[in-house]
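> One structure, pasted below without further comment.
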Amino acid sequence: MDDTSSALQTTTTSLEILDAISHQNGARQGQIADELELADSTVHAHLTTLRNHGYLVREGNEYHLGAKLFHLGERARDRKPAYDVVRKRAYKLSNRFNEEVAFAIPERGRSIIIFDENNDPTTEGFQVGRYFYMHSSASGKAMLAEFPRERVEAIIDRWGLPKQTERTTDSKAELFEELERTRERGYAINRQEALEGLMAIGMVVKNPDGSVLGSLDVSGPPYRLSEDEIVPQLRDVVSQIETEIAEQYG
């Protein structure tokens with residue numbers, strides 16, 4: 001649960017403005033003021049401050065995210081040396097399957113992709129830095145299956161169980177049944193629950209102390225993915241990753 005008792009409203013407003021600009025892929029001052037129901041003068045002051053510090057750039061009358069945010073994102077992605085171990089193995093796995101291989105970590109009740117290897121030029125692939133609801137993605141479900149029930153309940157209370165497709169479960173009881181099946185077989189399956197036409201098989205990656213580092217998944221069209229083929233190789237790669245992390249950083 002977030003601590004909001006000591007949150008600064010001015011900082012909160014600046015961050016909300018960044019989010020609004022990101023969602024709109026660039027926005028004018030008036031558009032931001034309307035969306036956030038703020039005075040133009042307030043928005044102008046925040047935009048000026050964010051721009052002066054490199055978090056925003058102005059192109060004509062529109063404000064866009066600044067490249068400084070990309071730099072900070074790279075620093076966040078590299079903050080744990082173990083992530084680089086996963087990235088190298090994910091690249092090799094993607095070459096082996098010629099399918100998309102992504103690594104996601106849990107953050108504030110959702111999963112965020114920090115590495116995405118894709119060798120299929122006909123597909124765009126996931127965007128690095130993209131958030132997913134954990135109940136509808138293979139990586140998310142793989143991680144939820146490792147969390148205590150109280151943590152899963154807290155995540156559901158915060159984000160709910162929104163439907164992304166007709167196949168997404170919005171039932172808490174069904175989700176917990178699926179998490180139990182995930183624990184029993186050792187991997188999670190996303191059957192077009194996050195995006196239409198996309199299936200994924202995900203497996204959790206653990207730290208040496210047994211806690212969750214993140215989750216690795218292989219994704220592609222359902223007609224191309226075979227559990228019998230992917231699961232043994234994915235399990236082998238995850239084992240290699242965990243062994244290497246334990247040897248180097250455990």
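> Report, to the nearest 10°, how far helix 81-97 tilts away from the longest principal axis of the Cα atoms in the chain, using its own Cα long axis and a range of 0 to 90°.
It is inclined by approximately 60 degrees.
> Sticking with this structure for a sec: Based solely on C-alpha atoms, express the radius of gyration and the Dmax of region 184-232 in angstrom.
Answer for region 184-232, Rg first and Dmax second: 12.0, 37 Å.
> Quick one: angle between helix 9-24 and the longest Cα principal axis of the chain, in degrees between 0 and 90, rounded to 10, please.
Result, in degrees: 70.
> To the nearest µm²/s, what D does Stokes-Einstein give for the chain at 37 °C and 0.692 mPa s, using the Kirkwood radius over alpha carbon pairs as Rh? Mind dumping the intermediate values first?
Numbers: Rh = 19.8 Å.
It comes out at roughly 166 µm²/s.
> Could you state the orientation-averaged shadow area of the convex hull built on the Cα atoms of region 206-250, in nm² to one decimal? Mind showing how you got there, number by number?
Details: hull surface 13.8 nm².
Averaging across all directions leaves 3.5 nm² for the Cα convex hull.
> Over the Cα atoms of region 121-250, how large are the radius of gyration and the largest Cα-Cα distance (Dmax), in Å?
My reading of the Cα-based Rg and Dmax gives 14.8, 44 Å.
> Turning to a different aspect of this structure: Measuring with a 1.4 Å probe in the full set of protein chains, what accessible area per residue, in whole Å², belongs to the chain? Could you put the intermediate results ahead of the total?
On the way: 13670 Å² over 250 residues.
It amounts to 55 Å² per residue over the chain.
> Here is a follow-up. Restricting attention to region 181-250, which GluC sites (Glu not before Pro) occupy a DSSP loop and are surrounded by at most 11 other Cβ atoms within 10 Å?
Glu196
> Given N residues in region 13-73, what is Rg(Cα) / (2.2 N^0.38 Å)? Don't jump to the answer; show the numbers that get you there.
On the way: Rg = 10.4 Å, N = 61, 2.2 N^0.38 = 10.5 Å.
Ratio of Cα Rg to 2.2 N^0.38 Å: 0.99.
> Classify region 54-103 as rounded, prolate or oblate from the Cα gyration tensor: take a ≥ b ≥ c as the square roots of its eigenvalues, call it rounded if a/c is under 1.5, otherwise prolate when a/b beats b/c and oblate if not.
Numbers: a/c = 6.26, a/b = 2.11, b/c = 2.96.
In terms of gyration-tensor shape, oblate.
> Restricting to Cα pairs below 8 Å that are 6+ residues apart, what does the relative contact order work out to for the chain? Please round to a whole percent.
Details: 382 pairs, mean separation 34.7, N = 250.
After rounding, I find 14 percent.
> Running Debye on region 55-200 with equal point scatterers at the Cα sites and no solvent, what base-10 log of I(q)/I(0) appears at q = 0.11 Å⁻¹?
Evaluating at q = 0.11 Å⁻¹ gives log10 I(q)/I(0) of -0.49.
> Shifting gears a bit: Which percent of the accessible area of the chain is formed by carbon and sulfur heavy atoms (probe 1.4 angstrom)? Don't skip to the answer; put the middle values down first.
Values: 6330 of 13670 Å².
Carbon and sulfur: 46 percent of the exposed surface of the chain.
> On a 0 to 90 degree scale, rounded to 10, what angle separates helix 172-185 from the longest Cα axis of the chain?
Helix 172-185 sits at roughly 50 degrees to that axis.
The values are calculated or read from the model by the stated rules, or taken from the named source; none is laboratory data. Model, not experiment: these values are computed from the prediction. With ideal geometry, Cβ positions are generated from the backbone for all residues, glycine too; neighbour counts draw on all protein chains shown. Just so you know, the surface numbers come from the protein's heavy atoms only, side chains and all, with ligands and any DNA or RNA stripped out. Shrake-Rupley method; radii C 1.70, N 1.55, O 1.52, S 1.80 Å.
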